[in-house]
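The values are calculated or read from the model by the stated rules, or taken from the named source; none is laboratory data. In this text the structure is predicted, and so the values were computed from the model without any measurement. Cβ placement follows ideal geometry from the backbone for every residue including glycine, while neighbour counts extend to all protein chains displayed. Note: accessible area is taken over every heavy atom of the protein model, side chains too, but ligands, DNA and RNA are not part of it. Shrake-Rupley method; radii C 1.70, N 1.55, O 1.52, S 1.80 Å.
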Amino acid sequence: MRAVVITRAGGPEVLEAREVEDPPALGEGEVLVEVAAAGVNRADTLQRHGRHPPPPGASPYPGLECSGTIVALGPNVPSRWTVGDKVCALLTGGGYAEKVVVPAGQLLPVPEGVSLTDAASLPEVASTVWSTVFMTSHLSPGESFLVHGGSSGIGTFAIQIAKHLGIKVFVTAGSEEKLAACKGLGADVCINYKTEDFVERVKQETNGKGVDVILDNIGGSYLQRNLNSLGVDGRLFIIGFQGGAVAEVNLQAVFARRLTIQAAGLRGRSLDNKAQIVSEVEKNVWPAIAAGKVKPVIYKTFPLAEAAEAHKLMETSSHIGKILLIP
């Protein structure tokens, strides 16, 4: 099969589409998926730089989500899955390829009303947002929510699902075009972080109270400002360190307002934990997609051979929504 190989740690030019061996024989509870499309995620660019290696036993090729058709079943796969099923999947790696092995617990049916290609944009964002903001931080109807990078794949999904559930949504983004896109998806308060202080704006819009939950991909450089933007019993969930992993912080706000700070990724979680998240996503998110309340936001698709171009685009941060690769 063809797959995108990281030839060495470095810039986008180190990605090469090559003929490689087929995936290994299927183990217990695994299926083989012929890939229709793969989502490009920031974690893939970190892996390319050598900063986010695949867990032991995972595919060496990048790609944390895909869509496609089941072409083979391993032993003891649940009876709901059969050869020929159209699926999308959360992966531990290997999506940038023509075929990938997936544990059955990480499969999802292609949602009603979504094309097979577009479905590749959903597993990673849906699993990330649902597991962090809803399963862990318990964001609830009537509360308020700030998502940084509102025009990213994560952001465009988070805005829609939060609005669908009756939550007031605040976003930050770096251009008027991106803010307009966020507003079009339902964001209530759109803040240009380049021209405005988001802490001040949040306080203004909440009468000094602050928001209930923040989903943050920046990390260190935003930590104090995030804490200053949270209300009593506020929850901060960190999913990235684009602004560094180290910060000096005044804990007074944490103590005074009973704040919670958490951080987690998806890739290193156990199979059972991932299966639980995927099951919750199917139960809670898929009906909203089928009802047209949450839609995939696709910015651009590239052929597999142009993975380097896809990574260049991802690293400019000029995109709105998801970038896909097509084998």
Quick check, is Leu313 assigned to a strand (DSSP E or B) and surrounded by 16 or more Cβ atoms within 10 Å (Cβ to Cβ)?
-> no
Selection count where residues are among the hydrophobic types (A, V, I, L, M, F, W, C), more than 19 Å from the chain's Cα centre (by Cα) and surrounded by fewer than 17 Cβ atoms within 10 Å (Cβ to Cβ), scope the stretch 21-57 = 2
Consider Gln160 against the criteria (1) touching a Leu at 6+ places or on another chain (Cβ under 7 Å); (2) farther than 22 Å from Ala89 by Cα; (3) touching a residue at least 60 places away in the same chain (Cβ under 8 Å): it satisfies all of them except one. Which criterion is unmet?
-> (2)
The condition from (1) open to solvent by 10 Å² or more (accessible area, probe 1.4 Å); (2) aliphatic (A, V, I, L, M); (3) part of a helix (DSSP H, G or I) that Ala120 misses is numbered (1)
Test Gly208 against the stated conditions and say whether it is assigned to a helix (DSSP H, G or I), at pLDDT 95 or above and surrounded by fewer than 24 Cβ atoms within 10 Å (Cβ to Cβ).
-> no
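For the stretch 34-78, give me each residue that is farther than 24 Å from Glu309 by Cβ and either touching a residue at least 24 places away in the same chain (Cβ under 8 Å) or part of a strand (DSSP E or B) (or both).
From the stretch 34-78, those farther than 24 Å from Glu309 by Cβ are 55-58, 69-78; that's our starting set.
Across the stretch 34-78, the qualifying residues are Pro55, Ala58, Thr69, Ile70, Val71, Ala72, Leu73, Gly74, Pro75, Asn76, Val77, Pro78.
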Ser317 fails exactly one of the following numbered conditions: (1) modelled with pLDDT of 95 or more; (2) out of contact with any strand residue (DSSP E or B) (no Cβ under 6 Å at 6 or more places or on another chain); (3) small (Gly, Ala, Ser). What is the number of that condition?
-> (1)
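Please pick out the residue among Gly11, Gly39 that is under 28 Å from Leu271 (Cβ atoms) and small (Gly, Ala, Ser).
Numbers: Gly11 fails: under 28 Å from Leu271 (Cβ atoms).
It is Gly39.
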Wholly inside the stretch 227-309, helices (runs of 4 or more DSSP H) that include 3 or more residues that are open to solvent by less than 50 Å² (accessible area, probe 1.4 Å) and assigned by the TED database to the domain that holds Asn41 are 271-284, 286-290
Hits in the stretch 180-198 (condition: open to solvent by less than 10 Å² (accessible area, probe 1.4 Å) and touching a residue at least 24 places away in the same chain (Cβ under 8 Å)) | Cys182, Ala187, Phe198
For residues that are in a helix (DSSP H, G or I) and aliphatic (A, V, I, L, M), scanning just the stretch 148-174, find the one that is most open to solvent (accessible area, probe 1.4 Å).
-> Ile154
Restricting attention to the stretch 137-147, does a residue exist that is part of a helix (DSSP H, G or I) and open to solvent by less than 10 Å² (accessible area, probe 1.4 Å)?
-> no
